[in-house]
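**Q** Below is one structure. I have some questions about it.
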Amino acid sequence: MDNIDKFFQQSHYNIIRTLLSVAGIWPYQTMSQRCVIYLAVLLVLGTGLIFEVLGMIEVWPDSLEVVDCLPLLVLAIVALFKLVCAMYTLPKLQIKILLRKMQEYWYSPKSDEETTILHSYALYGRNVGYVYFGMVLTHCTIFMLITFLSKFISVESTGNNSSSNTQSTQRGLPYHVNYMVDVETYYVPIFIHSLVCDVYYSVLHGVFDVFYLTLVQHCCGLFAAIRCRLESASEYGNDVSTPISRRDKMFSNIVYSIRRHAEAIQFASATESLHRAPLFVHLGTNTVVLSILGFQAIVNTADINHVLKHITFLDVLLFNMFFENWQGQNMMDSSEEVHQSAYNMKWYDMPTNQRKLLVIIMMRSRRASIITAGKIIIMSYVSFSAVVRAASSYFMLLRSMQ
């Protein structure tokens, strides 16, 4: 177990080692490395959050301006909440236990087919993780680029408009801030600080989502390997002409599958426990933020830069929410398919003792392993649809109150 850090560095799981190290929650980092990262987060993101809150207080009498400040403020709070939750679990060794179980399974004796399956799921998770993290950074780049260009493009569109809206003084910034200095004079350092904060907020969200993806895909690989072992077990008949050694092998395959199934369920339960609170907060806030962004896009149709900024933010939120529910659906489907594989075996030709063992898997696999948000919402396609419908309802409510 001493070489677990080296194992992740040399495997398909290196992506989560790198990302968790950037966030300061890789369990095998030294305390000094973590302290440096936490200090940087406190100085950069902490001050950014303070200036953002001060900016909201500054425009508090204007309800529309307050609503305009909410989406990115919520993004910052949720990102920091996820980081705090991960820091809280480090002393409890939850992350370390999951990583250790992943390494143990890779080194444990198993068939070539199971190794191939696990390798394919790990490779798939790595590739999807790269694509997802790249898309998150791409959306963040587009968002900040549109924000920066609005500083110059908006001058012509508002030159003949005598509107004294406080938002006009903050053009070119992603959200309303109050640095207690003149924004026009110190625009460049303020924008750079806002850029760093927004990028790191997005990075934090990407880190936890890719870690979530990797754990779920590993768990799906465990269930797929169990299905493979059950299907191969049925290749050996149990009639009178079958050699005793083959009947024993079939028995041992079923016993092995039961043990592996229990391990997969435990791993899925630990994964769900780790992400339960962050997913609940994230899903709940996304419902509100989606309705606000839709409302902002409708209200600010005259300002194309404002509309593009909100649509870009809305797009990445929808993508992120679908991604999280998609992985939850994958977990459910993979665990339920074990029951079908067990049922498809020629259990009616098995001896009584083997049928009794097979019933254990069949009964337990009827109850799917799930990922929940706060033990209330099951992450699935149905939940994604429900959240979008709820956000649409809130959007219509805001629209009617305009």
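The values are calculated or read from the model by the stated rules, or taken from the named source; none is laboratory data. Since the model is a prediction, treat every value here as computed from it, not as a measurement. So basically every Cβ, Gly included, is an ideal-geometry build from the backbone, and we count neighbours across all protein chains shown. Accessible surface areas use protein heavy atoms only, side chains included; no ligands, DNA or RNA. Shrake-Rupley method; radii C 1.70, N 1.55, O 1.52, S 1.80 Å.
**Q** Report yes if some residue within region 294-301 is closer than 17 Å to residue 391 by Cβ, without any contact (Cβ under 8 Å) to a residue 60 or more places away in the chain and in a helix (DSSP H, G or I); otherwise report no.
**A** Yes, there is a match, as at least one residue in region 294-301 is closer than 17 Å to residue 391 by Cβ, without any contact (Cβ under 8 Å) to a residue 60 or more places away in the chain and in a helix (DSSP H, G or I).
**Q** Check every one of the helices (runs of 4 or more DSSP H) wholly within region 1-79 and list those with 1 or more residues that are under 20 Å from residue 200 (Cα atoms).
**A** Hits in region 1-79: 14-23, 31-41, 47-58.
**Q** Oh, and also: Taking residue 274 as meeting all but one of (1) free of Cβ contacts under 8 Å to residues at least 40 places away in the same chain; (2) more than 22 Å from residue 365 (Cβ to Cβ), write down the number of the exception.
**A** Only one criterion is unmet by residue 274, namely (1).
**Q** Residue check: is residue 196 surrounded by 23 or more Cβ atoms within 10 Å (Cβ to Cβ) and farther than 30 Å from residue 101 by Cα?
**A** Spelling it out, it is not the case that residue 196 is surrounded by 23 or more Cβ atoms within 10 Å (Cβ to Cβ) and farther than 30 Å from residue 101 by Cα.
**Q** Further question: Do the conditions hold for residue 256, that is, is it modelled with pLDDT of 80 or more and either closer than 30 Å to residue 84 by Cα or surrounded by fewer than 23 Cβ atoms within 10 Å (Cβ to Cβ) (or both)?
**A** Taking the combined requirement at face value, the residue satisfies it.
**Q** Can you work out which of the residues in region 230-249 that are within 23 Å of residue 337 (Cβ to Cβ) and surrounded by fewer than 21 Cβ atoms within 10 Å (Cβ to Cβ) is modelled with the lowest pLDDT?
**A** The residue in question is 236.
**Q** Checking residue 103 against (1) closer than 18 Å to residue 9 by Cβ; (2) open to solvent by 70 Å² or more (accessible area, probe 1.4 Å): exactly one of these is not met. Which one?
**A** With respect to (1) closer than 18 Å to residue 9 by Cβ; (2) open to solvent by 70 Å² or more (accessible area, probe 1.4 Å), residue 103 is out only on (2).
**Q** Another one. For residues that are open to solvent by less than 90 Å² (accessible area, probe 1.4 Å) and either over 30 Å from residue 252 (Cβ atoms) or aromatic (Phe, Trp, Tyr) (or both), tally how many sit in region 353-402.
**A** So the count comes out to 22.
**Q** Just one of the numbered conditions (1) modelled with pLDDT under 85; (2) outside any loop (DSSP other than H, G, I, E, B) is not true of residue 345; which one?
**A** (2)
A quick yes/no check of all residues on (1) of a type outside the set (Asp, Glu); (2) assigned to a helix (DSSP H, G or I); (3) at pLDDT 90 or above; (4) open to solvent by 40 Å² or more (accessible area, probe 1.4 Å):
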{"residue": "289", "(1), (2), (3), (4)": "yes, yes, no, no"}
{"residue": "292", "(1), (2), (3), (4)": "yes, yes, no, no"}
{"residue": "308", "(1), (2), (3), (4)": "yes, yes, no, yes"}
{"residue": "326", "(1), (2), (3), (4)": "yes, yes, yes, yes"}
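**Q** I'm checking my understanding of the structure. Among residues of region 208-233 that are among the polar types (S, T, N, Q) and under 15 Å from the mean Cα position of the chain (by Cα), which one is farthest from residue 100 (Cα to Cα)?
**A** Of everything passing the filter in region 208-233, 217 is farthest from residue 100 (Cα to Cα).
**Q** Out of 11, 32, 21, I need the residue that is loosely packed, with under 13 Cβ neighbours inside 10 Å and among the small types (Gly, Ala, Ser). Which one?
**A** Among 11, 32, 21, only 32 is loosely packed, with under 13 Cβ neighbours inside 10 Å and among the small types (Gly, Ala, Ser).
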